[in-house]
Every structure is written in C-alpha cells, then in structure tokens.
Amino acid sequence: MSKTKTILLGHGSGGKLSHDLIDSIFVKYFDNEYLRQQTDSAILNAEGKKLAYTTDSFVVDPIFFPGGNIGKLAIAGTVNDLAVSGAIPKYLSCGFIIEEGFSLKDLETIVKTMAEEAKKAGVIIVTGDTKVVDRGKCDKVYINTSGIGLLEEKYTGISTAQNLQAGDKIIINGSIGDHGMAVMAARNELNITAEIESDCACLNSMIKGVLDISENIRFMRDATRGGIGTVLSELAKSHNVGIHIQEEYLPVNEGVRGMCELLGFDPLYVANEGKVIMVVASTDADKVIKELHKSEYGKQAAVIGEVSDDHPGSSWLETSVGGKRIIDMLSGQQLPRIC
Amino acid sequence: MKYIDEYRNKEIVLGIAEEIKKISTKKLRLMEVCGGHTMSIQKFGLPYLLPENIELISGPGCPVCVTSREFIDKAVIYSRMEDVIITTYGDLIRVPGSFSTLDQEKAKGADIRIVYSILDALMVAKKNRSKKVIFLGIGFETTAPASAAGIIKAQMAGLRNFYVYSAHKVMPPAMATLIDEGVEIDGYIGPGHVSTITGEGIYMEIPKKYGLGVVISGFEPVDLMQSVLMLVKQLEANNPKVEIQYKRVVKPEGNIKAQQMLDEVFTYGDDWWRGLGILKNSGLKIRDNYSMHDAEVQIPVEVDPPKEPKGCLCGEILKGVKKPKDCKLFAKVCTPSNPIGACMVSNEGSCAAYYLYNR
C-alpha cells in the first residue's frame with residue numbers, strides 16, 4: 001500500500017501526517033525564509049521593528065464545551081501562538097464560515113465570548129469576514145483568526161530555540177490533556193459523564209510575567225494538537241538534543257487520567273489549549289516556577305524534565321514506575337476536530 | 001485513581017525488579033500473547049527494569065494484527081455497497097488490505113462508523129432500518145462474548161438488518177502452534193482478559209505437554225512484574241505450571257455465563273492467522289441458528305486471494321521469532337501513519353508499540 005491519494009482526518013491531527021502534508025505540499029510551493037522556520041508565528045521585519053504574525057482555523061465539534069466555546073478557542077489559539085513567540089499580541093482578524101440555518105443566538109454567544117476574551121488578553125479585532133454556505137456544506141460554524149504582535153529584538157530566538165543548551169529545564173504551566181478530553185467527553189456519542197473542563201485560555205499575560213523576570217527563556221511552544229509529546233519530540237529532533245521527562249512530575253488531572261485509561265489515550269498526546277512548554281536556563285527555573293504560580297493559569301506549574309546530551313535527537317520519558325520509554329510525535333489521528 | 005495507582009507504585013515495582021534480579025540465573029524467553037500486555041510493557045518501559053537474561057517477546061496477541069487481508073478486503077467491498085453501513089472498532093479502520101483501507105473508503109464517502117461496543121452498532125441498525133448494518137467482529141475470547149450477546153439481542157429484537165462479519169478467534173490453538181513450530185519460549189504471560197472469560201483450564205496442557213510455565217497476568221506494571229517473578233520462580237525450580245496472578249479478576253473456572261453465550265452463538269472452525277497460517281478449530285463461526293445475522297452467509301462476496309506485502313515481517317514478528325527492529329521496513333517505510341503491515345496499525349501491535357515507545 002503506497003501513500004494515500006486523498007486527505008484523511010489524520011492529516012489534520014497536528015501529528016506526523018500533518019507535518020508530512022505541510023512539507024510535501026504547502027512548504028513545497030509557498031517556500032520562503034519565513035515559512036521555512038515553521039514556528040508558531042512568522043517573525044517579520046517591518047521598518048526596523050519585529051512583528052510576529054500567525055493564523056489559525058477552528059472547527060471544533062461540539063462548538064460549546066465545558067470550559068469554553070469555539071469563539072474563546074479562536075481568540076486564545078491565536079493569542080497564544082503570538083505570545084509563545086515572545087511577542088505582545090496586538091491586532092486580530094476574524095473570518096466566519098457559517099452554515100445556513102445556524103442559530104443567531106448561538107452566533108451572538110460565540111461573538112460575545114470572543115469580545116470578552118480579546119478584552120482580557122488586551123487585543124482588538126480590527127478586521128473580519130463572513131461567509132454563509134448551504135446547509136450541510138459546513139458543520140454549524142468555522143472560525144479563522146489571524147494575529148499580529150510586536151516582538152522585542154531580544155526575544156527573536158525563542159520560537160526557534162536558538163540558545164537551547166544541555167542542562168536547561170523543561171517546564172509546563174499545568175495539567176495536560178484537559179482540552180482534548182473535555183471536548184471528547186462533550187461529544188454525545190461516547191455517553192461519558194466526566195467533570196473535565198477545557199484549559200482553553202489566553203496565556204499572554206502569564207507569559208509576559210515570565211519574560212519580565214527572566215532573560216533566559218530559551219524556547220516556548222503552546223502544546224495544542226499532538227500534545228506535549230509531539231512538541232518535545234519535535235524539539236529533540238530539530239535541535240539534535242536529548243530530552244528527558246519524568247512522568248511522576250507531569251501534572252495530569254484525575255478525570256483526564258481516568259478517561260485516557262478508559263479510551264486508551266496517552267495524555268502526552270492529548271490536545272491542550274492553555275498549556276505552554278517552556279525551556280529555561282536551569283539557574284532561572286525556580287524563579288520562573290514561582291512567577292507561573294502567581295497566574296491563575298500556572299497554579300500547577302512544574303519542572304518536568306531537562307535537556308541533555310544523552311540520546312541526542314530523541315525524547316525520553318522515565319515512567320512513573322522507573323522504566324524508560326521514548327516519546328515520539330503523534331502518528332496518525334488521535335482525535336479529529338478538537339480545535 | 002483508586003484501584004489503579006496501587007498497581008503503579010514505583011517502590012513495589014522496583015522491589016519486585018530487585019527480587020527478580022536476585023533469584024534469576026537462567027536465560028529465559030517469556031512471551032506475552034495479549035496486545036494489552038505488549039502495550040503496557042512498552043508504555044511503562046518495563047524491559048528496562050529486567051536483568052539481561054530475561055527477554056520479553058510479543059506473540060500473536062493483537063487481534064487486528066493476526067486478521068487476514070482477505071477480511072479487510074471483504075470489509076472494503078461491503079463498505080462500497082450502496083445500502084450498507086459498516087460499524088467497527090477504531091483500530092481496524094487503518095489496516096491495509098490488498099487494495100484499500102476502510103479509512104480511505106470513508107474519505108471517499110463510504111458510511112463507516114467507529115463504535116466502542118457492539119451495542120452502539122445495534123443502535124445504528126435500529127435507527128437505519130432501510131440499511132444493512134454490518135459489525136466487523138474481531139477479537140479473541142475477550143470480545144467474542146459481546147458479539148454473541150449482540151447477535152442474541154438482534155435476534156430477540158427482530159433487527160433483521162443487523163449482521164456480524166466474524167473474524168473472532170480463540171487463543172489456545174495459537175499458543176500450542178508456536179511451541180510446535182519450535183519458537184523458543186520458556187513461559188507464557190497468560191492473557192488476562194481472555195482468561196477472565198475462559199478460566200485457567202484452557203492452558204493446562206501447556207505445562208504438561210510442553211513443559212512451559214503460564215502465569216495469567218493483569219495489565220498494570222505491578223501485575224506484569226509480579227507475573228514475571230512468578231514465572232522466574234517456577235522455571236528456576238523446574239516446576240512449570242499454570243498460575244493466576246490476576247486473581248482480583250480471573251476466576252479458575254472463568255465466566256460461565258459468557259462461555260455459555262459464546263457456545264450458544266458460535267461454533268469452532270479452522271481459521272487463518274497471520275504468521276501462523278490455518279489453525280484447526282481456532283476461529284469462531286456463527287452457528288446456523290443465527291445465520292440470519294451472519295454477513296458472510298447473507299451477503300456473500302468474493303475477493304481475489306490476497307497478497308502479503310513484500311518485505312513485511314509481521315508474520316515472523318507475531319511468532320516472536322523476529323523483533324520489529326529486525327524488519328527492514330520498520331520505522332523507515334512502515335510507520336504508524338503509513339503502515340505496511342497490521343502490526344504497525346493497531347495500538348496493540350508489537351511494531352506500533354516498539355515504534356512509539358522503544359526505538
């Protein structure tokens with residue numbers, strides 16, 4: 001069986017299939033120095049200033065879920081992509097594709113949430129577009145947002161992890177897998193009642209707090225589709241370093257653990273919408289953790305591992321029982337339409 | 001999580017590992033024949049905790065992996081029929097057949113729905129009376145009783161549009177065949193879920209006839225390490241026998257009700273296993289009394305004899321003769337996103353487990 005000739009759901013998973021698709025089609029034809037970096041945001045030069053620019057589309061099903069809705073996700077997703085690049089998010093655009101027959105009341109709820117979330121994050125929505133398609137041609141509503149942020153010169157190396165070094169500490173701001181499992185539980189087909197809330201949130205003010213107290217943030221990425229497993233594995237591969245994570249330090253909420261057990265998912269690969277992986281110089285790890293703990297989105301922040309010279313190019317997990325295994329990129333599809 | 005955390009206690013696991021190291025002198029090859037065990041062993045990184053003289057090898061314990069290409073090919077043909085809805089467990093959907101996968105058919109518009117239980121498939125049949133709803137029944141003694149229950153339910157509810165396409169198999173013939181074929185094994189880590197249904201009786205021949213130990217194991221790290229310890233103790237003392245480590249679930253006599261249901265709906269027939277070929281009385285066929293729900297009887301289709309992919313070592317890997325890393329395709333051509341052999345597809349397949357956790 002050779003490679004598939006059609007698009008599969010797995011191509012949108014954020015894992016290996018997505019990467020292959022991006023490389024083999026999009027980068028192939030759009031290729032340029034900015035795109036090639038494949039960072040969360042493109043870092044652009046504008047008359048001597050640095051701009052971060054990003055875009056993201058949202059097709060989550062269901063559109064309302066515990067802890068948020070598609071609108072909150074659309075703001076947080078784009079704001080976070082800018083923030084993890086070290087930028088201060090400023091301006092957003094938003095495009096709606098709406099299915100004929102969609103409830104105006106639901107649309108208003110979504111837009112209101114977006115406005116509230118944008119206000120909280122200190123961004124404004126400055127331009128937009130609306131399209132309506134025939135009933136059945138899209139599922140309720142899809143949203144695209146783009147965002148522009150301002151970037152200080154000294155932070156330009158963060159998104160490419162330019163200064164990554166052995167001994168650096170790896171930090172996460174809280175529990176993993178909440179968003180993916182919250183959305184999964186909200187889908188009726190499973191008949192699961194679980195008290196899991198999506199972690200969907202704008203992290204820019206928390207991240208700014210960290211950048212203000214440490215000059216030694218080597219790398220940040222929001223661990224959305226593909227989970228933290230995919231982020232860590234990618235980082236190890238792209239920078240040819242070893243990454244060692246200790247499972248016992250990984251925060252996973254009880255409900256998420258239970259649901260993952262039940263459905264056979266690995267929380268490492270379940271989507272988050274309010275989690276950032278930070279790589280920090282070991283000297284600064286303690287103060288970064290202290291700073292994160294001050295934020296409502298960083299209460300469970302923890303050092304979960306470190307960068308090392310061992311096993312360059314791969315990411316390892318010391319399991320909760322003392323065994324060892326590799327962490328690879330998510331392969332194939334774990335959950336479709338999670339964001 | 002209560003009732004799970006106790007079995008994932010690091011100190012206990014390391015304590016057992018220490019004890020194994022202390023008493024183990026012989027070189028032992030222990031085979032697990034359950035995909036759940038394979039995954040758990042790799043996920044918790046247990047081989048790393050065992051001394052070098054103890055090797056864990058994976059056998060034909062993943063139902064998706066031992067299923068024939070012909071089964072997938074026929075399922076694909078079914079999915080192309082206008083009035084058919086295919087219902088299936090998720091892991092079958094990406095398994096390569098000779099000319100397509102269910103995944104690709106779904107992308108082309110076939111009505112293929114992933115279900116978590118046969119009861120969901122029955123609901124689909126209830127809601128879609130004008131369609132033929134076919135449930136792809138795969139799995140060992142573990143899932144077969146659920147299929148039996150589903151068929152009985154469909155019969156009672158008069159769901160004439162509900163069919164099961166059965167590739168259900170039973171484990172003991174495969175365990176015996178591996179030894180007959182000369183695969184070097186000193187002991188079996190017995191499948192916990194299969195044994196919950198069957199009880200321990202089905203393994204009694206293995207120590208008697210072949211001199212191998214069998215310990216029926218649970219799925220958590222403490223369970224698996226303890227089972228290895230029990231096997232090491234047996235084999236160091238030259239006293240192979242059948243023991244149950246997973247006592248909190250497995251009763252010696254098994255689940256009588258499930259056994260009765262299996263017997264009510266299914267009868268034994270010869271079946272083809274990847275890597276092992278045709279094994280006598282190893283498949284579960286739907287009895288004549290229930291043939292109105294047997295897809296093979298009611299909707300017969302023909303496919304060309306399937307070809308196994310070139311270079312794929314799935315067969316040897318399933319026998320435990322080769323390890324995934326011995327296969328030239330492994331992790332190069334064959335990856336979870338582009339699987340060549342079934343062992344790379346299923347979450348429980350040896351190649352997928354090695355790819356994910358132990359490369």
Next on the checklist: Once ligands and nucleic acids are excluded and a 1.4 Å probe is used, how much of residue B:181 is accessible, expressed in Å² to the nearest 10?
Outcome noted: 90 Å²
Item to check | Average silhouette area of segment B:314-357, convex hull of alpha-carbon atoms, in square nanometres | outcome: 2.6 nm²
Checklist outcome for this item: Expected integer from the mean partner chain Cβ neighbour count at 10 Å over B:94-107 is 3
Next on the checklist: Taking the solvent-accessible surface of protein heavy atoms with a 1.4 Å probe, what is the per residue accessible area of segment A:1-125 in Å²?
Outcome noted: 51 Å²
Item to check | Computed helical MRE - 222 nm, chain B, DSSP H runs ≥ 4 contributing -39500 (n - 2.57), nearest 500 | outcome: -10000 deg cm²/dmol
Checklist entry - About its Cα centre, what dipole magnitude does the protein assembly as shown give when the only charges are +1 on Lys and Arg Cβ and -1 on Asp and Glu Cβ, stated in debye to the nearest 20? => result 760 debye
Checklist entry - Taking amide hydrogens as modeled 1.01 Å from N in the peptide plane, which residues meet the under 5 Å criterion relative to residue B:266, leaving out close sequence neighbours? => result B:287
Item to check | Listed residues A:337, A:325 arranged by accessible area, highest first, probe 1.4 Å | outcome: A:337, A:325
Checklist entry - Going by a ≥ b ≥ c, the root eigenvalues of the Cα gyration tensor, does chain A fall in the rounded group (a/c under 1.5), the prolate group (a/b larger than b/c) or the oblate group? => result rounded
Checklist entry - Can you pull the accessible area of residue A:142 for me, 1.4 Å probe, Å² to the nearest 10? => result 60 Å²
Next on the checklist: With +1 on the Cβ of every Lys and Arg and -1 on the Cβ of every Asp and Glu, and nothing else charged, how large is the dipole of segment B:254-323 about its Cα centre, in debye rounded to the nearest 20?
Outcome noted: 540 debye
Checklist entry - Ballpark to the nearest 100 Å², how much total accessible area do B and A bury together, probe 1.4 Å? => result 3000 Å²
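Classify segment A:169-327: rounded, prolate or oblate, from the alpha-carbon gyration tensor (a ≥ b ≥ c, eigenvalue square roots; a/c under 1.5 rounded; otherwise prolate if a/b is larger than b/c)?
oblate
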Checklist entry - Would you list B:188, B:48, B:210 from the most to the least accessible area, probe 1.4 Å? => result B:48, B:210, B:188
Item to check | segment A:112-252: translational diffusion in µm²/s, Stokes-Einstein, Kirkwood Rh over Cα pairs, 4 °C, 1.567 mPa s | outcome: 70 µm²/s
Checklist outcome for this item: Note: B:38-47 gets an average of partner chain Cβ contacts (10 Å, Cβ to Cβ) equal to 4
Next on the checklist: Using alpha carbons only, how many angstrom separate the centre of segment B:110-187 from the centre of segment A:64-136?
Outcome noted: 44 Å
Item to check | Percent accessible area from carbon and sulfur atoms, segment A:32-155, protein chains only, probe 1.4 Å | outcome: 53 percent
Next on the checklist: Principal axis extents for segment A:222-278, Cα atoms only, whole Å, descending order, please.
Outcome noted: 35, 22, 19
Item to check | Surface accessible to a 1.4 Å probe, residue A:19 within the full protein complex, Å² | outcome: 50 Å²
Item to check | Listed residues B:272, A:316 arranged by accessible area, highest first, probe 1.4 Å | outcome: B:272, A:316
Item to check | Prolate/oblate/rounded label for the protein assembly as shown (Cα gyration tensor, a/c 1.5) | outcome: oblate
Item to check | Pairs beyond 31 Å (Cα-Cα), from B:108/B:332; A:299/B:43; B:10/B:325; A:237/B:328 | outcome: none
Checklist outcome for this item: Charge dipole of the protein assembly as shown built from unit charges on the beta carbon (Lys, Arg +1; Asp, Glu -1), centred at mean Cα; most positive-end Cα among A:271, A:123, A:26 is A:26
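Could you size up the charge dipole of segment B:26-162 around its Cα centre, putting +1 on the beta carbon of Lys and Arg and -1 on that of Asp and Glu, and report it in debye to the nearest 20?
380 debye
The values are calculated or read from the model by the stated rules, or taken from the named source; none is laboratory data. Fair warning: this is a prediction, and the values are worked out from it, not measured in the lab. Please note: Cβ atoms are built from the backbone with ideal geometry, for glycine as well, and neighbour counts cover all protein chains shown. For accessibility, only protein heavy atoms count, side chains too; no ligands or nucleic acids. Shrake-Rupley method; radii C 1.70, N 1.55, O 1.52, S 1.80 Å.
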